[in-house]
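Data block below; observations after.
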Amino acid sequence: MGPQGYQAVLLAGGSGTNLFPLNQTGLPLSLLPVANQPLITYPLRTLEGAGIVDVLVVCLGEATAAKVSSWISSNYSGKLHLKVKSVPEDSESAEALRAVAEDITGKNIVVMSVDLITDVRLEALMAVHFIRSAMATVLLSQRRTSPSSETKPGKAPKDVEYVGLDEQQQQLLFFRPSSESRRNIRLPMNALLRHKRLTVRTDLRDNHLYIFNRAVLDVLQSKPSLANIKQDIIPYLVLHQHSRKARPGAQQALPAGATSANGDAENGQRGSSDSLERVDSMLPPTSVAGQNFMALSHSAAAEEEQSRGNWYCGAFVVGKDSYCVRTSTLQSFCEVNREVINIELAGRLGVHAQPNTKFDNFLHDSVQMGYKTTVAAGCMVGRGTTMADKCSIKRSVLGAMCKLGSNVKIINCVLMDGVEVQDGCHLQNSIICHNAHLQERVTLRDCQVGPGSIVSEGLEHREEVLAKAPQRRSSEYK
Amino acid sequence: MAPSRKAPLGVAPGEEALIAVLLADSFNQRFRPITLERPKVLLPLAGVPLLDYTLEWLASNGVAEVYVFCCAHAEQVKEHLKAAGWLQERSSITVKVIVSTTCKSAGEALREIDVKDMIKSDFVLVSGDVVSNMDLGSALRMHRARREKNKNALMTMVMKAGTTPAQRRRLGDQSLIVAMDPQTKRLLRYEEVEAGRPLPNQATVDAHFWSETDSVEVRADLADTYIYICAPEVLLLFSDNFDYQNVRKDFVSGVLSEEELGQQLYVHELHRDYAASVLNFRSYDAISSDVLQRWTFPFVPDTNLLPLGGAWGPSSYRLWRNFIYKEQHLKLGREARIGHSSCIGMGTTIEDGAQVAGSIIGRNCLIGKDAIVLGSYLLEGVRIHAGAQVSHSLLCDGVVVKEDATVCSGSVLSFKVVVGQEQVIEQHTSLSLCRQLQQSTSLSDDELEYAAAGTASPPSEAALGSSAEASRPRLPGALEDAAAAPSDGEDGAHYDASLVGPDGAGYRWQPHEAEPAASSAVAAYFSIAPPPPGLPPPPDDFSDDDSTVTAAEEAQDAVVDPEASFKREVSETFLRCVRDGFEKKFLETELNSLKIAEHKDFADCARYILTTLLALCLPAPPRAKAEYRSLFPESAPETATPAGKTELLRRLQRLLNTWTDLLKQFLRSEDDQVDLLLTLEEFCGEEGVFEGTGEQCGLFSAVFAKVLQLLYDAEVVSEDAFLKWADEKAHAEAEDRVFLDKAAEFLKWLREAETEEENSDEEDEEE
């Protein structure tokens, strides 16, 4: 068990169907290569860096679990105790958590999605969670683009989270993810009155990294309808922070700190109400009550309002200078691949390869380059890859054992292991999966080429998915 | 559109002379019965009329010109201004009086000012009851900076931050929920919850605000100070919208709701400065104690800053320990005890054994032996005789409380009321020498009727009782007699003797708020007595069943299907007219305008009128508004039994009898009628917009054919339309023909009838 009884649950996902055709490689989401190493290595590094020991790796489906287990047993050499669990394939995040609840022994649980790559220090989050004796702490990061700048005036923004924070931007008072544009936002009045001011922001993003108090497991059990952590659990916990209908199950399991804080507040209240009633000694004590109108703002009322309520949901807000990105879509997969090999970020994010500081890129020693071939800064080329003459590689990640002909231009691309690109190809913003074969003078732009596909010579494609068969999953079941 | 801003000669644009408009009338009745005889702005607070606080504060902020707008008791206000020296030529401030006795609201006053066309630049709009020591400079600079960039920045509202609910209750102020942009301080939403009412359990904010800014700050701690810095266009807006009465209720909400016009309001937050407005007796009490406790410095008694009109000249207060302020020339008995937060005016006598605490005693008062005065406000010349007790009450000039009488908390005794010996005035009682008319309808909501009466005589109308002799208008002199010699003769006999005693003088004055039921609670809320300690209960939680709440919420918040919303509009229009008993013609006009506004046609209206009628035969659906629920029957008939079916049909028949004409108005063609039938089908099958509404529309499917029959009998739908509908449906898929099958018999009958009709017209006629 880690520091302060922290344990982690890594939601390792399933076969990665929303990354089609990448899922055709037979690799589950968590083993897809990002900068030539499996995606799962990034969150594992984050967890290890925070001193966590026990990690439950929760996979969707037996098949995924088996693949992840075998990867762990043959490749993982870190300090974490990893235990792989499988849950039904269609489980949502909270359902998965509920399914493995019996295996959770820690007092606090870090729940993290495998596709989050971040350089935020998890130990800072854990410390904050512990100090606030929070029920839940949510990692929020500033969006790169402001949603309001992308929304027409008069229309509500889409695909945002409405996040309500207190004055210090610490306590989460309102949380409502919304993929559609809404008409109204309804804020709970009791939270508003308690905190007096509430800033509701749309420029923050939830990153699927949460720390929960163990008591959340009881909430999970008592509310079986809550299926998704982001959509259901967090809004529920946030909403009921101050609700007067205390939930007995949750109340009992409250963090110890929370109850003591309640006690303090009560004491404080008693003390100051005495002072409120302190009037001239010759008068009966209540006769001139309410005399100190302005003083009210410094006394009992104010303190009572600040008492803790049922529990506390905290937010950990990081600015644009922290790296926090999820590889949940094809586009972000491509972007993340390029971004993590930024020479400054790579170390912090846990990229294994050693940078070549002279050229600001990652070139494996075994790479062979022909005459006048250039690999620009911010590129990565894997082991045993060969490039013939006059190639140009910019802002791209090339896997191991790739073979490039001459006059190949690659910009903003991801090439996985064993890709063969023949002479005169021109690739831009594309993902080429394992062992694909591009014949001479192929031109691709914004395309995804499935594993083992062959693209015939001279063809030009734009914004296309070039894969052998449609969904491989469906063929499996037939 | 904007009038050209003409800066006075020789003044740079940034430093143009500042103008203020001061409304010396609150346009409400909160201070009755006192305001029958004296305007609220002349009510002294810690010895000084409220108006002087406002004027002095304006003067100290470098305001060059103040327009004092008087309505009720204009003469008194003028006289006071003269006596206090405000009308003299001063170097710093010019006070000009505008009198209008016809204004009934702030809106009208501002329109009047606009007509006079005097104000060409930004101005400060305040009410004459504001007590503040804020620095207008910073608010003004920000306002002007915004105006430089954006001509649409109309108004800056000064609000006090950090107000707790307890403080609001102490002030008797309404709760206020404000949404604004934290960066620009632009006001997005301003929602008042009337004082004393429970807050809703949610604060709703339009989601489209987030298209202009990434963060919206929602505040529950702001209190409006009723100080506004306005652009001259504000006056124009009031003139353009002649129905604007109240600055906040009409103007602010109007500007915010007409966002597309681009006009914007901004908030200026006060953190350390003091600003509050005497809205009611409770805030009078709260602000008085703030003044004594020096939150309003330099406007505190011992600075003797404020000019005092009248015979005694300037004040001479000195501060003693425990916030006790005393003027010169007091006669204090050796055993008299004066407690915390008190203020005693010149010429007052406090005899041995008397106790005074938390009270403000005006000039020339008398507090007799062993009398007790707690948390009360005694204006000038009040006499509390030996052994009397007064707590948390307001006693106006010349009030006499006789030996051993008790005035309980929350009472207001207007001018020259006399409380007889050993009488007990109960809590929250208002007494006045003016008799209140029984039919309060003739006393409209304004104080103007008394404006003319003002100084000359107490309001004749109010004094006119049903009893004959006493109905003569009493002159002040006569009143004084009554007060001085209350036991003297007939006059006294007409007072509420049970209340003030045989030797007393005064009538009970009932506060007549809008709703009499709530009035006692409201009276307690605004009473001069402070609220009981402790906080009001917080608003209710969300219902425990989270899933249903969020689902309902979701349904409301999601951008709704226009068809469903039109259906709701029609149905609500219809229900409203039914509830209010409007004429059919009126309803027709309403629906027509709705039709045009929503780009619908006649058939659309007809369809939803019919479904509303059908819904009216069933219990109210869960989403019906509470106000219409009473229109619906309580229970649904049991349609499984024949009796239930008949009951349902009888209900429908009854409604159809009334509304057939209306339906026909909207059915202009055969096609419309077919549309109607199709909708009826959807309704009975709970499809389309009727799906999942919680209305038990399905019940009608059992009697579908009978409904058709009723429509046919009422001649709403012609037989041709029926047949057309049947033909249209004939080739539909099996599942779509459920209702056609149900109607098969009816249609068969119809077809037969038709042929019969053709064959033997004569027979029909015989029948």
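The values are calculated or read from the model by the stated rules, or taken from the named source; none is laboratory data. All figures in this text were calculated on a predicted structure; none of them were measured in a lab. Cβ sites come from the backbone with ideal geometry, for glycine too, and all protein chains shown count toward neighbours. Heavy atoms of the whole protein, side chains included, go into the accessibility calculation; ligands, DNA and RNA do not. Shrake-Rupley method; radii C 1.70, N 1.55, O 1.52, S 1.80 Å.
Between amide H atoms placed 1.01 Å from N, distances below 5 Å from A:LEU173 occur with A:GLY164, A:LEU165, A:ASP166, all of them 5 or more places distant or on a separate chain.
Put simply, region B:13-60 fits an ellipsoid with semi-axes of 27, 13, 6 Å; these come from the alpha carbon gyration tensor as the roots of five times its eigenvalues, largest first. Here region B:570-758 is treated with +1 on each Lys and Arg Cβ and -1 on each Asp and Glu Cβ, and its dipole about the Cα centre works out to around 960 debye.
Across region B:18-287, C-alpha contacts under 8 Å between residues 6 or more apart give a mean separation that, scaled by the residue count, equals a relative contact order of 25 percent. The amide H of B:LEU188, built 1.01 Å from its N in the peptide plane, has B:ALA179, B:MET180, B:ASP181 as neighbours under 5 Å, considering only residues 5 or more places off or on other chains. With N counted as the residues of region B:183-275, its alpha-carbon radius of gyration over 2.2 N^0.38 Å works out to 1.17. When only Cα pairs below 8 angstrom with a gap of at least 6 residues are kept, region B:609-660 shows a relative contact order of 34 percent.
Efficiency by 1/(1 + (r/R0)^6): what FRET value for B:GLU335 and B:ASN304, r their Cβ-Cβ distance, R0 = 35 Å, to the nearest 0.05? Taking R0 as 35 Å, the efficiency between B:GLU335 and B:ASN304 is 0.75. The residue among B:VAL77, B:SER253, B:VAL124 whose Cα reaches farthest toward the positive pole of the charge dipole of region B:18-287, with charges on the beta-carbon of Lys, Arg, Asp and Glu, is B:VAL77. Distances between every pair of Cα atoms in region B:570-758, grouped in 10 Å steps from 0 to the bin holding the largest one, split as 9, 36, 39, 15, 2, 0 percent. For the peptide B:200-206, the mean number of other protein chain Cβ atoms found within 10 angstrom of a residue's Cβ is 6. May I ask you to find the residues of region A:168-182 that are shielded by at least 20 Å² of accessible area once the whole protein assembly is considered instead of their isolated chain (probe 1.4 Å)? SASA drop of 20 Å² or more in region A:168-182: A:ARG176, A:SER181, A:ARG182. How big a patch of accessible area, both sides summed and in Å² to the nearest 100, lies buried between B and A at a 1.4 Å probe? Buried area between the two chains comes out at roughly 5700 Å². Applying a threshold of 24 Å to the alpha-carbon distances of A:LYS372/A:LYS468; B:LYS326/B:LYS369; B:LYS585/B:LYS724 flags A:LYS372/A:LYS468; B:LYS585/B:LYS724 as lying beyond it. Placing a label point 7 Å from the Cα of A:LYS85 along the Cα-to-Cβ line, the residues of region A:47-61 whose backbone N sits under 20 Å from it are A:47-48, A:52-61. Every Cα-Cα pair in region B:206-356 was counted, and those over 22 Å apart are 62% of them. Normalised Debye scattering of region B:18-287 at q = 0.07, 0.13, 0.15 Å⁻¹ gives log10 I(q)/I(0) of -0.24, -0.86, -1.17, counting only Cα atoms as equal scatterers and leaving out solvent. For region B:212-338, the relative contact order comes to 11 percent (Cα pairs under 8 Å, sequence separation of at least 6).
If I take R0 = 30 Å and measure r between the Cβ atoms of A:SER366 and A:GLU457 in this structure, what FRET efficiency does the formula 1/(1 + (r/R0)^6) give, to the nearest 0.05? After rounding, the FRET efficiency stands at 0.55. Computed from the C-beta positions of B:PHE582 and B:VAL99 and an R0 of 51 Å, the FRET efficiency is 0.75 to the nearest 0.05.
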